[in-house]
1. Would you mind telling me the share, in percent, of accessible area of segment 1-44 contributed by carbon and sulfur at probe 1.4 angstrom?
2. Please give the net charge around Thr77, taking every other residue with its beta carbon less than 14 angstrom from that of Thr77, where Lys and Arg add +1 and Asp and Glu add -1.
3. Each residue of segment 60-74 in order: what ³J(HN,Hα) in whole Hz does its phi give by Karplus 6.51 cos²θ - 1.76 cosθ + 1.60, θ = phi - 60°, with x for Gly and Pro?
4. Can you check what the net charge comes to around Met34, using other residues whose Cβ is under 9 Å from the Cβ of Met34 (Lys, Arg +1; Asp, Glu -1)?
5. What number do you get for segment 58-115 when its Cα radius of gyration is normalised by 2.2 N^0.38 Å, N = residues?
6. With all protein chains present and a 1.4 Å probe, how do Trp36, Trp105, Trp31 order by accessible area, largest first?
7. Could you please state how large a percent of the accessible area of segment 51-115 is carbon and sulfur, counting protein chains only and using a 1.4 Å probe?
8. Roughly how many Å² is the accessible area per residue of segment 49-115, as a whole number, for a 1.4 Å probe?
Amino acid sequence: QVQLVESGGGLVQPGGSLRLSCAASGIIFTWSTMGWYRQAPGKQRELVARISGGGSTNYLDSVRGRFTISRDNAKNTVYLQMNSLKPEGTAVYYCNALIATKEYWGQGTQVTVSS
């Protein structure tokens, strides 16, 4: 059974930082492309950052330079370091695993950026 468990969300002031973690089980992690998506109220879910099994990354334009995605294959965990957070970053952040044609999602973690 595939499980993706996110942690690290919370309330942060504008300009602050958070690090999200996603622990994966039930998949061959090194073969997986891992991603972070977010969904704000009333908006569609969007890809924030993605990292391939080989370590290639891509980012949503609005977060490039402020967010960093990384992975620890020994721990089956993917991270999203978020710096210089803005109020528009308020959303539920979801971990995603893509292996060939199969896709899996975590339950999401709330990030609120507010003073």
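The values are calculated or read from the model by the stated rules, or taken from the named source; none is laboratory data. Quantities reported herein were computed from a predicted structural model and do not represent experimental measurements. Ideal geometry is used to build each Cβ from the backbone, glycine not excepted, and the neighbour counts take in all protein chains shown. Surface accessibility is based on the protein's heavy atoms, side chains included, excluding ligands, DNA and RNA. Shrake-Rupley method; radii C 1.70, N 1.55, O 1.52, S 1.80 Å.
1. Values: 1210 of 2460 Å².
Here it works out to 49 percent.
2. On the way: positive: Arg19, Arg71, Lys75; negative: Glu6, Asp72.
Cβ neighbours under 14 Å give a net charge of +1.
3. 4, 3, 6, 10, 4, x, 10, 10, 9, 9, 8, 9, 10, 5, 5
4. Numbers: positive: Arg50, Arg71; negative: none.
Neighbourhood net charge equals +2.
5. Values: Rg = 13.0 Å, N = 58, 2.2 N^0.38 = 10.3 Å.
With N residues counted in segment 58-115, Rg over 2.2 N^0.38 Å equals 1.26.
6. Working: Trp36 0, Trp105 100, Trp31 180 Å².
Ranked from most to least accessible, the order is Trp31, Trp105, Trp36.
7. Working: 1570 of 3310 Å².
With neighbouring chains kept in place, the figure for segment 51-115 is 47 percent.
8. Working: 3390 Å² over 67 residues.
Here the per-residue accessible area is 51 Å².
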